[in-house]
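The values are calculated or read from the model by the stated rules, or taken from the named source; none is laboratory data. This is a predicted model, so every value here is computed, not measured. With ideal geometry, Cβ positions are generated from the backbone for all residues, glycine too; neighbour counts draw on all protein chains shown.
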């Protein structure tokens, strides 16, 4: 059984040695490493070329700079094994990672295998398990609902909203999913939209909590300096895509509830973005967002009953547009380094 690992590469010379070698050194040897150089203007392509000359399991593709979605789509064209997965160029995997997943595949023949994640920070790391049990068999439709958003008691953990979004940390059966493509010209949530289609098609999925993907967050910018004035519009665009998906696939009201809860949970990241700095324009915009018909409708359909005191208080402050208190909460969290995890 051959497993394909697709890595988009752009100006990543300082990460490539660790990234490529963590794949080539896998205990499981029947792999293809598909490196897609997205028009790098540093030494990335030449580093990839050097490794490709040393190991014939590497497929090296070059394209003009077109973005990560196009690079991944290009990589999918070269997939020829039974399963494929994605690896970001600044991340890495343990030597036994693919072997553990391959063992699960051989036992269960799943459409998708999901693995756990270790978030690597500068001075520590955070283990992020998707489920409490180490091995979980789950139907694709249940994954799809959870991807769209939380319901009932799940809403008490809104910071886990995006846990299922990434395409890395997942292995997809080629025969079932190779025709799915990433949407071009998106710089946020392209993974989520890919997984909407994949989870909808999936029947039997397996979570292997004994395999860990190492997600590099060491070089991310702070919440303050990473201010995005258009973040609300980006969230709204993606949520509109989900609305269309629910409608066209004729999904039931549970999925609609999940989406509404997603819209509410988005407020955590929006508050960090708009309240975590001293910009007057950002404060004014967030006030308008909270006062919009979009959020008035969302709060009208939202059940606060499942939330603990902390999150109930936060979302109530949002509902009643208490910008001053929200800014105090967000800035205190940032100053005290008690970051609200995205």
- Spot the failing condition for residue 338; the list is (1) surrounded by 13 or more Cβ atoms within 10 Å (Cβ to Cβ); (2) at pLDDT below 90; (3) part of a loop (DSSP other than H, G, I, E, B), and only one is missed. (1)
- Note on the structure: Considering region 182-197, residues that are over 13 Å from residue 72 (Cβ atoms) and part of a helix (DSSP H, G or I), and then whichever is farthest from the chain's Cα centre (by Cα), we arrive at 197
- Residues in region 97-104: is at least one closer than 21 Å to residue 195 by Cα and touching a helix residue (DSSP H, G or I) at 6+ places or on another chain (Cβ under 7 Å)? no
- Restricting to strands (runs of 3 or more DSSP E) lying wholly in region 22-95: which have 1 or more residues that are outside the structural domain of residue 112 (by TED's automatic domain parsing) and closer than 25 Å to residue 108 by Cβ? none
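Take the residues in region 167-181 that are in a loop (DSSP other than H, G, I, E, B) and either buried (at least 19 other Cβ atoms within 10 Å of the Cβ) or outside the structural domain of residue 209 (by TED's automatic domain parsing) (or both); name whichever of them is nearest to the chain's Cα centre (by Cα). Step through it out loud before you land on a result.
Narrowing region 167-181 to residues in a loop (DSSP other than H, G, I, E, B): 167, 169, 178-181.
So of that shortlist, the ones also either buried (at least 19 other Cβ atoms within 10 Å of the Cβ) or outside the structural domain of residue 209 (by TED's automatic domain parsing) (or both) come out as 167, 169.
Details: 167: 6, 169: 9 Å.
In this case the residue turns out to be 167.
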- Item | Sole exception among (1) modelled with pLDDT under 95; (2) within 29 Å of residue 124 (Cβ to Cβ) for residue 279, by number | (2)
- Note on the structure: Expected single match for outside the structural domain of residue 149 (by TED's automatic domain parsing), touching a helix residue (DSSP H, G or I) at 6+ places or on another chain (Cβ under 9 Å), modelled with pLDDT of 95 or more and part of a loop (DSSP other than H, G, I, E, B) among 321, 266 is 321
- Does residue 204 fit the bill of being surrounded by fewer than 19 Cβ atoms within 10 Å (Cβ to Cβ) and in the same structural domain as residue 93 (by TED's automatic domain parsing)? yes
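May I ask you to say which residue of 24, 33, 16, 126 is surrounded by fewer than 16 Cβ atoms within 10 Å (Cβ to Cβ), within 19 Å of residue 168 (Cα to Cα) and over 20 Å from the mean Cα position of the chain (by Cα)? Don't jump to the end; show me each part of the working.
On the way: 33 fails: surrounded by fewer than 16 Cβ atoms within 10 Å (Cβ to Cβ); 16 fails: surrounded by fewer than 16 Cβ atoms within 10 Å (Cβ to Cβ); 126 fails: over 20 Å from the mean Cα position of the chain (by Cα).
Of 24, 33, 16, 126, the one residue that is surrounded by fewer than 16 Cβ atoms within 10 Å (Cβ to Cβ), within 19 Å of residue 168 (Cα to Cα) and over 20 Å from the mean Cα position of the chain (by Cα) is 24.
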- With (1) surrounded by fewer than 15 Cβ atoms within 10 Å (Cβ to Cβ); (2) free of Cβ contacts under 8 Å to residues at least 40 places away in the same chain as the list, and residue 308 as the residue in question, which single condition is left unmet? (2)
- Message: Considering only residues that are under 15 Å from residue 83 (Cα atoms), touching a helix residue (DSSP H, G or I) at 6+ places or on another chain (Cβ under 7 Å) and at pLDDT 95 or above, which ones fall in region 145-197?
- Response: 167, 171, 172, 176, 177, 180
- Query: Out of all the residues in region 229-248, is one or more farther than 23 Å from residue 90 by Cα, surrounded by fewer than 17 Cβ atoms within 10 Å (Cβ to Cβ) and in contact (Cβ under 8 Å) with a residue 60 or more places away in the chain?
  - Reply: no
- Task: Among what's in region 100-123 and is part of a helix (DSSP H, G or I) and closer than 14 Å to residue 170 by Cα, pick the residue that is nearest to the chain's Cα centre (by Cα).
- Result: 101
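Filter region 279-302 for residues that are farther than 24 Å from residue 227 by Cβ and without any contact (Cβ under 8 Å) to a residue 40 or more places away in the chain; which is surrounded by the most Cβ atoms within 10 Å (Cβ to Cβ)?
In this case the residue turns out to be 299.
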